[in-house]
Amino acid sequence: MTEKAELRLGDKTVELPIVVGTEGERALDISKLRGETGYITLDPGYANTGSCSSAITFIDGEKGILRYRGIPIEDLAGKSTFLEIAHLLIEGELPKKEEFHSFRESIRRHTMIHEDMKAFYGALPKDAHPMAACSAAVGALSTFYPDSLDPRDDRHIEISIHRMIAKLPTLAAFAYKHSIGQPFMYPRNSLSYPGSFLHMMFSNPCEDYEVDPVIEKAIDLLLILHADHEQNCSTSTVRLVGSSMVNLFATVSAGINALWGPLHGGANQAVIEMLAQIRDEGLTGRDFVERAKSKDDTSRLMGFGHRVYKNFDPRAKIIKKACFEVLNKMGVHSKLLEIAVELEEIALKDDYFIERNLYPNVDFYSGVIYNAIGTPSNMFTALFAMGRLPGWIAHWAELHRDETFKIGRPRQVYIGNTVRPYTPLEKR
Ligand code: ACO
């Protein structure tokens, strides 16, 4: 029998069914609340609101747990590959050998973009942020591939998913090449997914970039660690936009824009800029931490804090370790890494951060790796988008498979003027 909670409103009592997730998370089902009582709930920032049921990713923010389809992130990171994870998230299972082979081959077949899209980049200013260019280019995919736009058609869903995964690295690398005035490099399908991306970023027609396996592995790891994070800002955007039945390309374009903000994926660029500022202005870690704490200063310790994690972000632990390994293997000494370590040590012992449960998040160390391998800082968030893509797609696909599917449409509490007459312009 379904457990129920009782809500008393004046002399009326309503019963609210309690929904229990597979990990014991409990939620009050308020879907009939307005119909039965006229009340809605109010939860700015949605910190207490479950917008859907989902079987993709489990997070326990208090215990620092993250699992994709039940598998702990610690087991996946370093053992699997990003394309395997994409399959896991989207299809629900790790692929068997033949499944993986055909998935990977299909992705490889779709890495090129329509030749006319090159002209599209030419119309963008050179200093366009790669996230703006990516979002515009991904949105434009729907103009080039009208044969895969119907989210009610299984074949359209499959082909648009494969196209999206295959083409995003190409679109991101083209955005970078455009910004530095170099010719576009085509994808190299004999290379791995991250390898082909590195080739498109760093090769030029005169000189091949030899993919360093250490860097290739690091990129793959970072993509895996970013692959999904349940109902974060960009994924919720994807679900909301997708719920209008618009195609996958338009939906992902919206997700990219949501990710761009410095409070979300844009934090990785903001972290490296913060570390560089500390280095260039000769500040100490303590100086900056004091600024981040001050109510009179708008600075925040970027890469610290998380809406869900009130304990260590498990991804941050893995990235920190990888950061040391990668820099060590490459023989790189990074002043920025030193500053990051100092900031972390200070913040973790500081009452302000302790009381507010502020720990390093996924973005705190990722930028240091990207930086060390030569990625320009304005490309960091585009790399995050490449990583998050399978998560967005998995949520989009889950939404469309859901029998209780509805367009997303929150309500509000109106606090504006009550009714008043129109005053003609000459009388105002
Ligand atoms: N530096 C200094 N103070 C902070 C920080 C920070 N990084 N993060 C939170 N706080 C403080 C806030 O000022 C607030 O203090 P108060 O209670 O005295 O007013 C308190 O901690 C709670 O912060 P909120 O902003 O209310 O927490 P919320 O859950 O809404 O925000 C967020 C989470 C946006 C991630 C926030 O911690 C932040 O801005 N961090 C820096 C940006 C960042 O790293 N973003 C990446 C997040 S991970 C990701 O999206 C991939």
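We did not get these values from a lab; they are worked out from the coordinates using the rules stated. Quick caveat, the model's predicted, so the values are computed rather than measured. Note that we place each Cβ from the backbone using ideal geometry, even for glycine, and neighbour counts take in every protein chain shown.
Descriptive notes on the structure:
- Relative contact order %, region 82-196, counting alpha carbon pairs below 8 Å whose residues are six or more apart: 30 percent
- When the P(r) of region 372-419 is calculated, the portion above 16 Å amounts to 67% of the C-alpha pairs.
- Alpha-carbon radius of gyration plus Dmax, which is the widest Cα pair, for region 81-169 in Å: 14.7, 45
- Amide H partners (placed H, <5 Å) of Ala5, local residues excluded: Leu16, Ile18
- Sequence ranges 264-270, 206-212, ranked by mean other-Cβ count within 10 angstrom, highest first: 264-270, 206-212
- When the P(r) is computed for region 185-265, the part past 16 Å accounts for 63% of the Cα-Cα pairs.
- Cα-based Rg of region 1-129 normalised by 2.2 N^0.38 Å, two decimals: 1.64
- The chain, relative contact order [Cα under 8 Å, separation at least 6], %: 20 percent
- Kirkwood Rh and Cα Rg combined as Rg over Rh, evaluated for region 127-235: 0.99
- When the alpha carbon gyration tensor of the chain is reduced to an equivalent ellipsoid, the three semi-axes, largest first, read 36, 29, 24 Å.
- Each of Lys310 and Asp154 was given a label point 7 Å from its Cα along the Cα-to-Cβ line. The distance between the two points is 4.4 nm.
- The radius of gyration of the Cα set in region 182-331, together with its Dmax, comes out at 18.8, 54 angstrom.
- Rounded to whole Å, sorted largest first: equivalent-ellipsoid semi-axes of region 242-346, Cα gyration tensor: 29, 19, 14
- Sorting 199-205, 252-258 by average packing, meaning the other beta carbons within 10 Å per residue, from highest down gives 252-258, 199-205.
- 3J(HN,Hα) along region 118-135: 4, 5, 4, 5, x, 7, 8, x, 4, 8, 4, 5, x, 5, 5, 5, 5, 5 Hz, from the Karplus curve 6.51 cos²θ - 1.76 cosθ + 1.60 with θ = phi - 60°, whole Hz, x for Gly and Pro.
- Relative contact order computed over region 154-306 (Cα-Cα under 8 Å; 6+ residues apart), in percent: 13 percent
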